[in-house]
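Before any comments, here is the structure.
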Amino acid sequence: MAVAIITNIKLLVNTRQDSRLLRGKELAELPCIENAYLVIEDGVIADYGSMAAAPKFSDNPIDATGQFVLPCWCDSHTHLVFAASREEEFVDKIKGLNYAEIAARGGGILNSAKKLNETSESELLRMAMMRLNETMQLGTGAIEIKSGYGLSVEGELKMLRVIKKLKELSPIPVKATFLGAHTYPVAYKENHQGYIELIINEMLPVIANEELADYIDVFCETGFFSPEETETICKAGMSYGLKPKIHANQLNLSGGVQTGVKLGAVSVDHLETMDEETVMKLASSSTIGTLLPTAAFFLRMPFQPARQLIDAGCAVALASDFNPGSSPSGNMNLVVAMSCIQMKMLPEEAVNAATINGAYAMELQDELGSITIGKKANLIFTKPVPSLAYLPYSFGSNMIDKVMIGGEFN
Ligand code: NIG
Ligand code: FE
């Protein structure tokens, strides 16, 4: 049996034996142990506690004096598989072009779709693996990845097959989401019903047959998919066992949150544009609100109303939205920092939202998201830091010393 013992941990963060989805005030409660030890057996957390009550260790322990140990980030919303970056659009936006003008120049999601359809499965896999490794070095220990840059039967299946390969190759858990309804492809610009039928009749049966997805997603937004269309597509996915995780209320009060709650979605994600009624609707549901602050930041949009959501009693998670158009970064440390700096989340709330609640948003709560006996030893070891709040406070500095995945240093 492979055993790793870590001693003298300055702060062991998010220790909880009875993990549950945290909502409202519970998010501010972050159980920690000062001057702690941690025992890992065969990649799984076997024991932990205070050094004062530590058993006699025979093996050579790893000394973590001055360091914090946290569960890895659980990034529950990414579009990590894509063919090319889009920094030319970024510069066009700096120069003052708006969304419509960028789209008219062939930009946006359709730009990514064109390039993805021209790129081989092996090349997409190679690039996605590199990005995945980068996010792991930044402390991500579980990740959800969406399709949605194919927008054709072959393109969507190609993306999902890449994600399936990533599941096999990746040392961290990967969840796959089918987002065929990301936008309407050019050929179906005037034939929305035709594209929805393509999703339901041509894509979903193959996806179900090859077990290519865990979830179904729709970009429920004015000018994209209406609440009715979202419901139709999600219900078709649900008939194959895919639970909904919906892009909702990013640009408008789109009705996406209401649709997600009605369908019992695992999560509704984005939520830049909320009103009181929508916040209360989410708060009274079991659906998680996943906030993506780096997307709001990159698009120069108002940040998600995290305080209002938490104070109303919502279950909130944080994720990176890593994608080439609205969040070309999978750095969860920055997501956590931004949620504190711009959205006034307490450091404790942000850590909970990015770990245990992120795990719930991928239904990985029994494996990851907290320091719990029996969970995977996917752990962040920080450099010496004075306090938990120092992590988001020192935004932009890399405070990670090393990352452990399955009991092994990465
Ligand atoms: O989550 N909002 C929709 N989809 C992505 C961005 C897509 C893109 O611009 O490539 C998002 O932000
Ligand atoms: Fe997204």
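Points to keep in mind about this one:
- Any chance ALA54 is modelled with pLDDT under 95 and crowded, with 18+ Cβ neighbours inside 10 Å: yes
- Inter-residue pairs, beta-carbon under 6 Å, first modelled with pLDDT of 95 or more and among the charged types (D, E, K, R) and in the stretch 345-366, second open to solvent by 10 Å² or more (accessible area, probe 1.4 Å) and in a helix (DSSP H, G or I), 6+ apart: GLU348/ALA28; GLU349/ALA28
- Picking from residues in the stretch 124-138 that are in contact (Cβ under 8 Å) with a residue 40 or more places away in the chain and open to solvent by 60 Å² or more (accessible area, probe 1.4 Å), the one that is farthest from ligand 1 (Cβ to nearest atom) is GLN137.
- Residue in the stretch 102-123 that is nearest to ligand 2 (Cβ to nearest atom), counting only those that are in a loop (DSSP other than H, G, I, E, B) and free of Cβ contacts under 8 Å to residues at least 60 places away in the same chain: GLY107
- Considering residues of the stretch 227-250 that are open to solvent by 70 Å² or more (accessible area, probe 1.4 Å) and either touching a Ser or Thr at 6+ places or on another chain (Cβ under 7 Å) or not in a helix (DSSP H, G or I) (or both) only, the residue nearest to ligand 1 (Cβ to nearest atom): LYS243
- Taking the criterion of being open to solvent by less than 40 Å² (accessible area, probe 1.4 Å), part of a helix (DSSP H, G or I) and either touching a Cys at 6+ places or on another chain (Cβ under 9 Å) or over 19 Å from MET159 (Cα atoms) (or both), no residue of the stretch 196-226 qualifies.
- Cross-chain or 6+ apart pairs with Cβ under 6 Å, the stretch 172-185 first and within 13 Å of ligand 2 (Cβ to nearest atom), then open to solvent by 20 Å² or more (accessible area, probe 1.4 Å) and β-branched (Val, Ile, Thr): HIS182/ILE109; THR183/ILE109
- Filter result for LEU291 (within 16 Å of ligand 2 (Cβ to nearest atom) and open to solvent by less than 10 Å² (accessible area, probe 1.4 Å)): yes
Yes or no, residue by residue, for (1) assigned by TED's automatic domain parsing to the domain that holds ALA350; (2) of a type in the set (Phe, Trp, Tyr); (3) outside any loop (DSSP other than H, G, I, E, B); (4) in contact (Cβ under 8 Å) with a residue 40 or more places away in the chain:
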residue	(1), (2), (3), (4)
LEU30	no, no, no, yes
TYR37	no, yes, yes, no
ILE40	no, no, yes, yes
ASP47	no, no, yes, yes
ASP59	no, no, no, yes
GLY66	no, no, no, yes
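The values are calculated or read from the model by the stated rules, or taken from the named source; none is laboratory data. If you're wondering where the values come from, they're calculated on a predicted model, not measured in any experiment. Cβ coordinates were reconstructed from backbone atoms using ideal geometry, including for glycine residues, and neighbour counts include every protein chain displayed. Side chains are part of the model used for accessible areas, which takes the heavy atoms of the whole protein and leaves out ligands, DNA and RNA. Shrake-Rupley method; radii C 1.70, N 1.55, O 1.52, S 1.80 Å.
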